[in-house]
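First up is the structure itself, then whatever we jot down about it.
The values are calculated or read from the model by the stated rules, or taken from the named source; none is laboratory data. Everything numeric in this text was worked out from a predicted model, so none of it was measured. Every residue, glycine as well, gets a Cβ built from its backbone with ideal geometry; the counts of neighbours run over all protein chains shown. These accessible areas exclude ligands, DNA and RNA; they are computed on the full protein's heavy atoms, side chains included. Shrake-Rupley method; radii C 1.70, N 1.55, O 1.52, S 1.80 Å.
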Amino acid sequence: MIGLISSDIEKYASSKTSAQSNMLDKLVKETHQEMSMPQMLSGHLEGRFLKMMVEISQAKNVLEIGMFTGYSALSMAEGLPANGKITTLEIDAKAIAMAKKYIEQSPHKNKITILEGDALTNIDKITEPIDLVFIDADKPNYYNYFVKVLPKLKSGGLIIVDNTLWGGEVLSPHTQDGIAINEFNAKVLEHKNVSVVMLTIRDGVTLIRKH
Ligand SMILES: C[S@@+](CC[C@H](N)C(=O)[O-])C[C@H]1O[C@@H](n2cnc3c(N)ncnc32)[C@H](O)[C@@H]1O
């Protein structure tokens, strides 16, 4: 990932943020050793942020779109109550295998359900009202994910969207992903029944609250 914040500031912010578990340390290490694009993992600062958003919102039913090796799903699961649940969608078999290994070791394993396969198809299997959604899969589908999850989101529910600054490319979009993110950022604002705040955390994190 292209750093928008200086690496010294990122390190300082991380050092002044609550620590993650030893298990998440190991997951990060193995992801960097085994996966071809380890930078997709959200990481310490954003992981603690996601956990806190789950806690603050008192979410009980969370949906994640784009699990990768399980880092953000495991982080959010920590913030859920014992009877809370997170459904996470992922298509990549190697990422799923690694995530399963760590989820199995987690005290929060019973809260996590993986739906394997294409996320756009699997969203249709979600029938219970959702409190919080984390969108972090393929960028060209971001708006499609948003449109599909919005009716399933409870009033007052929250959608958190990752990489909405796309390394700063949103100022001058020229790649397929950059153009898609830029269009997504514009189109969500056209919806009348949501409030939107873009945070400059890491690669850009947008909060969308349904009225
Ligand atoms: C940026 S990574 C997710 C990172 C993860 N949330 C974390 O913080 O560690 C995006 C993931 O979306 C998955 N993905 C991409 N297209 C998908 C699709 N159509 N359906 C399901 N998953 C998809 C990729 O395989 C990848 O693992």
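Quick notes
- Hydrodynamic radius of segment 126-211 by the Kirkwood approach over all distinct alpha-carbon pairs: 12.9 Å.
- A 1.4 Å probe run over segment 7-210, with the rest of the protein chains in place, finds 47 Å² accessible per residue.
- Unsatisfied cross-links (Cα-Cα over 25 Å) in the set 51/109; 109/139; 29/187; 11/148: 109/139; 29/187; 11/148
- Where a label projected 7 Å from the Cα of residue 18 along Cα→Cβ would reach, residues of segment 28-69 with amide N under 20 Å: 28, 42-63
- A simple spin-label model places pseudo-atoms 7 Å from Cα toward Cβ; at residue 94 and residue 174 they are separated by 3.0 nm.
- The length gained on full extension between residue 104 and residue 52, counted as 0.36 nm times the residue separation minus their Cα-Cα distance, comes to 16.5 nm.
- Stokes-Einstein translational diffusion, segment 7-210 - Kirkwood Rh over all Cα pairs, 1.567 mPa s, 4 °C, in µm²/s: 76
- Reachable lysines, given that their alpha-carbon falls under 16 Å from the alpha-carbon of residue 26 and they are not under 8 places away in the same chain: 100, 101
- Mean projected area of the convex hull spanned by the Cα atoms of segment 1-85, taken over all viewing directions: 6.2 nm².
- Rounded Å value of the spacing that divides the Cα centres of segment 14-58 and segment 149-211: 21
- Of all DSSP beta bridges in segment 7-210, antiparallel share, percent nearest 5: 35
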